[in-house]
1. Ignoring ligands, DNA and RNA, what percent of the accessible area of the chain is carbon or sulfur (1.4 Å)?
2. Sum up the charges of everything whose Cβ sits under 14 Å from the Cβ of Lys151, counting Lys and Arg as +1 and Asp and Glu as -1, but leave Lys151 out.
3. Could you grab the relative contact order for the stretch 103-212? Cα pairs under 8 Å, six or more apart, rounded to a whole percent.
4. To check my understanding: the extent here is largest minus smallest coordinate of the Cα atoms along each principal axis. What are those three numbers for the stretch 130-253, in Å, largest first?
5. How much length, in nm to one decimal, is gained on full extension between Glu336 and Lys13, taken as 0.36 nm per residue of separation minus their Cα-Cα distance?
6. Output the relative contact order of the stretch 219-300, whole-number percent, from Cα pairs under 8 angstrom with separation of 6+ residues.
7. In what order, largest first, do Ser289, Ser278 sit by accessible area if the probe radius is 1.4 Å?
8. Roll a 1.4 Å probe over the protein chains and send me the accessible area per residue for the chain in Å².
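The values are calculated or read from the model by the stated rules, or taken from the named source; none is laboratory data. Quick caveat: nothing in here was measured; it's all calculated off a predicted structure. Don't worry about glycine lacking a Cβ; one is built from the backbone with ideal geometry, like all the others, and counts go over all protein chains shown. Note: accessible area is taken over every heavy atom of the protein model, side chains too, but ligands, DNA and RNA are not part of it. Shrake-Rupley method; radii C 1.70, N 1.55, O 1.52, S 1.80 Å.
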Amino acid sequence: MSFEFSSEAERLKQFPIANSQIFLAHGGVTILPACAADAMSEYAQASAHNHQEFGEVLAFIAKTREISAKLIGADAGEIALLGPTSLGLSLFANGIEWKEGDELLCYQDDYPANVYPWTGLRRHGVNVRFIKPDALGQITPELVATYLTPKTRMVALASCHFLTGWRIDVDAIGVLLHERGILFSLDAIQSLGAFPLSVKHVDFLSADAHKWMLGPLAIGIVYVAREHFETCHPTLLGAWNVKSPDFISQDKIDFYDTARRYEPGVLNVSGIYGMKASLEMLMSIGIESVGERILRIRNYLLTGLLDMGFKTKSPLPGDPMASGIVTVFHPTRKAEPLFEAMTAKRITASLRHDREGNAYLRFSPHFYNTEAEMDTVLACLRE
């Protein structure tokens with residue numbers, strides 16, 4: 001069974017945004033639930049009466065590593081608390097010692113944050129090749145297999161396509177790559193917090209909290225499998241990740257033996273407080289229950305849109321690769337005025353374009369959205 005609030009009053013208390021608008025843009029920049037806003041506010045107030053690294057802060061950071069690790073099935077020592085997503089992906093790309101002729105496989109129509117860190121490797125002689133699926137964002141293990149060569153050193157993919165909402169089979173692709181000794185990097189921002197995700201067959205993962213984890217901007221989860229600490233060399237150096245007893249620099253650079261080695265300096269502590277609160281809320285509900293609820297709401301909305309004559313680039317209801325993202329267009333109605341009409345009705349969605357310049361309406365509801373809200377959206381579009 002998917003999650004249900006005890007009452008509408010409880011839903012509005014936990015998600016104040018729902019008092020004033022229908023927010024369906026969690027695939028963009030999320031709103032904050034009350035628990036995250038409260039946690040950040042309490043930290044800010046405590047910091048007004050004390051310094052910002054008061055006694056409890058380091059213990060709080062450690063607890064956040066633990067809950068982040070639990071979310072993805074990792075060890076806390078493999079978690080760095082960094083954001084945005086592109087920072088983690090850039091640490092992976094720049095931390096590996098590439099050789100002339102190495103091949104890296106990625107997808108050019110992913111979100112740019114998961115493209116530029118990899119195409120930038122061409123300056124090192126890396127042959128960056130693009131997967132080209134038949135449908136936008138629909139990447140299968142079978143498709144990935146057709147692109148692999150003896151020179152493929154890494155495959156870098158997103159767990160879910162930002163525009164169409166197609167998820168990938170992370171485990172199947174990871175097994176495929178590891179059987180061939182190929183590294184696997186995952187941009188998980190469009191699914192982490194919404195659906196269960198394991199790094200059992202993943203080498204590197206990065207995801208900022210500001211989408212489906214319902215957290216603040218510029219804080220997230222960066223995962224590096226412990227076995228790759230020496231493979232992925234830290235490229236940002238500072239007083240936090242290099243051992244400096246009594247704050248005295250040493251002749252030798254000696255990194256900590258955890259993923260702290262990728263954190264060069266002070267952390268976004270306010271963001272960590274907010275992210276931890278949101279993750280605790282999501283995990284208390286259960287990520288599987290959250291995912292079931294998201295799919296129920298998106299399927300309800302998508303069915304209504306299809307009945308109205310809209311076409312979709314997203315998986316149909318019942319498809320196992322569906323996510324919380326629903327992207328649609330209408331054969332005879334332009335997306336821009338529809339988007340403006342929804343905005344005027346205090347319905348927040350996203351207006352997105354593909355490489356050819358076609359405009360789409362993108363909806364990304366979360367577990368706290370309701371069928372009644374979707375009815376309001378559908379009624380607005382009918383007008």
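1. Details: 8730 of 16650 Å².
That fraction is 52 percent.
2. Values: positive: Lys99, Arg129, Arg153, Arg180; negative: Glu100, Asp102, Glu103.
That works out to +1.
3. Details: 184 pairs, mean separation 26.7, N = 110.
24 percent.
4. Dimensions of the stretch 130-253 along the principal axes of its Cα atoms: 56, 39, 23 Å.
5. On the way: separation 323, 0.36 × 323 = 116.28 nm, distance 3.26 nm.
Here the segment from Glu336 to Lys13 would lengthen by 113.0 nm.
6. Working: 55 pairs, mean separation 23.7, N = 82.
Over the stretch 219-300, the number comes to 29 percent.
7. Working: Ser289 30, Ser278 0 Å².
Result, largest first: Ser289, Ser278.
8. On the way: 16650 Å² over 383 residues.
Accessible area per residue: 43 Å².
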